[in-house]
1. Here is a list: Ser232, Ser248, Ser257. Which entry is in contact with a helix residue (DSSP H, G or I) (Cβ under 6 Å, 6 or more places away or on another chain) and under 26 Å from Leu118 (Cβ atoms)?
2. Quick test for you: out of Leu247, Leu205, pick the one residue that is part of a helix (DSSP H, G or I), under 27 Å from Pro123 (Cβ atoms), touching a residue at least 12 places away in the same chain (Cβ under 8 Å) and not β-branched (Val, Ile, Thr).
3. List every residue pair whose Cβ atoms sit under 6 Å apart, with the two residues 6 or more apart in sequence or on different chains, where the first one lies in the stretch 69-97 and is at pLDDT below 70 and the second, anywhere, is of a type in the set (A, V, I, L, M, F, W, C).
4. For Ser263, state whether it is buried (at least 22 other Cβ atoms within 10 Å of the Cβ), hydroxyl-bearing (Ser, Thr, Tyr) and either within 16 Å of ligand 2 (Cβ to nearest atom) or part of a loop (DSSP other than H, G, I, E, B) (or both).
5. Based on what the data block shows, is Thr334 of a type in the set (S, T, N, Q), more than 13 Å from Ala23 (Cα to Cα) and either touching an Asp or Glu at 6+ places or on another chain (Cβ under 8 Å) or free of Cβ contacts under 8 Å to residues at least 40 places away in the same chain (or both)?
6. Which count do you get for residues in the stretch 208-241 that are in a helix (DSSP H, G or I), touching a strand residue (DSSP E or B) at 6+ places or on another chain (Cβ under 9 Å) and under 27 Å from Val102 (Cβ atoms)?
7. Give me the residue from the stretch 247-260 that is within 16 Å of ligand 2 (Cβ to nearest atom) and not polar (S, T, N, Q) and, out of that set, surrounded by the fewest Cβ atoms within 10 Å (Cβ to Cβ).
8. Tell me whether the stretch 327-339 contains one or more residues that are away from ligand 1 (no atom under 16 Å from the Cβ), outside any helix (DSSP H, G or I), surrounded by fewer than 22 Cβ atoms within 10 Å (Cβ to Cβ) and at pLDDT 95 or above.
Amino acid sequence: MPAKKLIVTLPGDGIGPEVTAAAVAVLREVAPELSFEEHLLGGVAIDRTGDPFPQQTQDALKSADAVLLGTVGGAQNSPWNSLPRHLRPESGLLKLRKLLGVYANLRPVRVQPGLEHLSPLRPELARGVDILIVRELLGGIYFDADRKIEGSAAYNTMRYTTPEVERIAKVAFWAAEQRKGRVTSVDKANVLEVSELWRRDVTALRDRDYRSIHLNHEYVDSVAMLIVSNPSRYDVIVTENLFGDILSDLAAVIPGSLGLMPSASLGDGAGLFEPIHGSAPDIAGQGVANPAAAIMSAAMLLRHGLDMPHIAAKIDGAVSQALREKPTRDLGGTASTQEFTDAVLKALDRAA
Ligand code: ATP
Ligand code: MG
């Protein structure tokens, strides 16, 4: 019998423990073959060990098949604002991403049926929006070593290599195969050579290995307009680090609540799955946080991290149902974290 898959959970700070507990409860229900091990990261790790990313957590990650993260924010009991930068809570998160080598960031942007009214877009535009943004996370202008500020001049360099483009494009094509089979690659090939290479390599990979995928190329400025004026034209969007950073935050406002936004970061080893919202200290410990983003991140863990797409789809369906039946406060409802989680578990039960 194959060994049980190990999920390392890092609940973190603020509402992190509450929403992570909800996600774990759902995973235990649908995938009893998983095992869980909880470790420290962020402010809570500083409080207990003085280090935002303790050695014990780093060691635990070596045997993890996937990592489920809550949120990382402030330490409760340490004067962390006065700590050196490398000992602050967020530095733990940066080191974690680096250690896992996650080069692909996946952000689904989905308007939930029945929750169109939360979107800043008109309901007829918001209805049915279901986009997956795949952003390159380790390369490009943010990381290139060729950078300098010299007196009254400064520069950074956007550089990509064919292997870097191919590995991120593969993630996008693979995700599209499980969806509608359409990929839009976003670049600025009318002015940037690096985009010319990007476009050439993405096209070559599709022609070689993913002929069933419909691929088109669009300029980032045009996508910024169309993603809010005609979002249903997109299925999977793949783009480089800087463009993806901006587009994914732009698109994140479409569903209308931070509590609805999951994410996955994938590399060649264990992936990292986390809600995009912060630690929300204003509501922490009150049992009212919306755990939907964390639960949908758990679904992404099954879909992209462990190759269990059917169970992932069940969770997504149950979350959609619970959102209609038991909306939490951030969605204009009254359900607590526990009541929402129970509604998800019940919906799973009915589907079984
Ligand atoms: P951090 O410093 O960790 O980013 P933050 O205060 O910026 O924390 P965010 O998570 O970015 O917190 O949240 C912004 C607002 O949205 C807060 O008022 C918070 O209560 C609310 N919020 C965020 N996530 C959720 C959630 N899952 N459920 C309910 N409300 C949420
Ligand atoms: Mg924040």
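The values are calculated or read from the model by the stated rules, or taken from the named source; none is laboratory data. A quick note: this is a predicted structure, and the numbers were derived from the prediction, not measured. So basically every Cβ, Gly included, is an ideal-geometry build from the backbone, and we count neighbours across all protein chains shown.
1. Numbers: Ser232 fails: in contact with a helix residue (DSSP H, G or I) (Cβ under 6 Å, 6 or more places away or on another chain); Ser248 fails: in contact with a helix residue (DSSP H, G or I) (Cβ under 6 Å, 6 or more places away or on another chain).
None of the others qualify; the one that does is Ser257.
2. Checking each option against the conditions leaves just Leu247.
3. Ala75/Ile46; Ser78/Ile46; Trp80/Ile46
4. Yes: the conditions hold for Ser263.
5. It is true that Thr334 is of a type in the set (S, T, N, Q), more than 13 Å from Ala23 (Cα to Cα) and either touching an Asp or Glu at 6+ places or on another chain (Cβ under 8 Å) or free of Cβ contacts under 8 Å to residues at least 40 places away in the same chain (or both).
6. Selection size over the stretch 208-241: 5.
7. Step by step, filter the stretch 247-260, then rank; the result is Asp249.
8. No, the stretch 327-339 contains no residue that is away from ligand 1 (no atom under 16 Å from the Cβ), outside any helix (DSSP H, G or I), surrounded by fewer than 22 Cβ atoms within 10 Å (Cβ to Cβ) and at pLDDT 95 or above.
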